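The values are calculated or read from the model by the stated rules, or taken from the named source; none is laboratory data. Nothing here was measured: the structure is a model prediction, and the numbers come from that model. Glycine gets a Cβ as well: all are built from the backbone with ideal geometry, and neighbour counts include every protein chain shown.
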Amino acid sequence: MHAPPYMVIHVRPITNAEGSRLKTIVRHSKAPIELRRSQVVLSSAQGFTPPYNERPVGMSIDYVRTLILQFNSDGMDVLKQKCEPTTLNNP
């Protein structure tokens, strides 16, 4: 059985500043979510398609596509984790 056909999507053209920021995040970020999201966006900007982008970062193709579409509309803000992890308070 063949996978369903997908329209190939890429991120919008990124600015030099965005490209520099993405490379810095990929090289130095200690935040795993920001790192993986940056890898996906940077790979897409380099011409790789969502099926390729999902493999190295362990994300589903649908999530990669959603991330690319969100980056196209919201920019660099989508790279950050939206909520902080909660901690359990033991009484």
Do any helices (runs of 4 or more DSSP H) lying entirely in the chain carry at least 3 residues that are touching a helix residue (DSSP H, G or I) at 6+ places or on another chain (Cβ under 7 Å), at pLDDT 75 or above and among the aliphatic types (A, V, I, L, M), and which ones are they?
16-28, 32-45, 61-74
Restricting the search to region 14-53, which residues are surrounded by fewer than 18 Cβ atoms within 10 Å (Cβ to Cβ) and either among the acidic types (D, E) or touching a strand residue (DSSP E or B) at 6+ places or on another chain (Cβ under 6 Å) (or both)?
E34
